[in-house]
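Read through the structure below, which is laid out as structure tokens, and then see the notes.
The values are calculated or read from the model by the stated rules, or taken from the named source; none is laboratory data. This one's a predicted model, so the numbers in the text were calculated from it and none came from an experiment. Here the Cβ is made from the backbone with ideal geometry for all residues, glycine too, and neighbour counts use every protein chain on show. The area values use the complete protein model at the heavy-atom level, side chains included, leaving out ligands, DNA and RNA. Shrake-Rupley method; radii C 1.70, N 1.55, O 1.52, S 1.80 Å.
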Amino acid sequence: QEGQPIYLAVKGVVFDVTSGKEFYGKGAPYNALAGKDSTRGVAKMSLDPADLTHDIAGLTEEELKSLDDTFNHVYKAKYPIVGYTSRRILNEDGSPNLDFKPEDQPHFSITDEF
């Protein structure tokens, strides 16, 4: 919706990609990634609806490296983290994931965002 922030998740990390609305906004080339955890699509460089999921099962070593590179050098480098998906902070049974640690993003501060 016009005037609303644009969010997408990669590896369970939710990014505010509103500043890249020419890429992720309505009618933009990567709009299919917005509003969901599109980890698999990012790894495979795919906009196929079947790939727009968090599931990384069966990805090749090359796809996993591409995912990590894009996650670190595009999303974490350019867009502020605004949250995490439940899969990232909870175990499958709904209990807290005691191994959860927030992503480090030192070039953004909360005052920059609000």
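Within the accessible surface of the chain, defined with a 1.4 Å probe on protein heavy atoms only, the carbon and sulfur portion equals 53 percent. Please return the longest range in the chain lying between exposed loop sites, taking GluC sites (Glu not before Pro), DSSP loop only, at most 11 other beta-carbon atoms within 10 Å, and leaving the sites out. Result, exposed sites excluded: 3-91. Restricting the stretch 1-110 to trypsin sites (Lys or Arg not before Pro) that sit in a DSSP loop and have at most 11 other Cβ atoms within 10 Å of their own Cβ leaves 26.
As a length-normalised measure over Cα pairs under 8 Å and 6 or more apart, the relative contact order of the stretch 24-114 settles at 17 percent.
Computed as a quarter of the hull surface, the mean projected area of the alpha carbon convex hull for the stretch 15-114 stands at 7.6 nm². For the stretch 22-32, putting each phi into the Karplus relation 6.51 cos²θ - 1.76 cosθ + 1.60 with θ = phi - 60° gives couplings of 5, 9, 10, x, 4, x, 7, x, 10, 4, 4 Hz, in residue order, rounded to whole numbers and with x for Gly and Pro.
Taking only DSSP H segments of four or more residues, each worth -39500 (n - 2.57), what value at 222 nm results for the chain once the sum is divided by all its residues, to the nearest 500 deg cm²/dmol?
-5000 deg cm²/dmol, from helical runs alone.
Within the listed set 15, 100, 23, the Gaussian network model of the chain (springs between alpha-carbon atoms below 10 Å) gives the highest mean-square fluctuation for 100.
Normalised by 2.2 N^0.38 Å, where N is the number of residues, the C-alpha radius of gyration of the stretch 63-106 stands at 1.34. Cα-based radius of gyration for the stretch 40-87, normalised by 2.2 N^0.38 Å, reads 1.18.
Each Lys and Arg contributes +1 and each Asp and Glu -1, all at the Cβ; summed about the Cα centre of the stretch 35-114, the dipole is approximately 180 debye. Between residue 103 and residue 36, the distance separating the two model label sites (each 7 Å from Cα on the Cα→Cβ line) works out to 1.9 nm. Accessible surface calculations at 1.4 Å, restricted to protein heavy atoms, place the stretch 7-104 at 60 Å² per residue.
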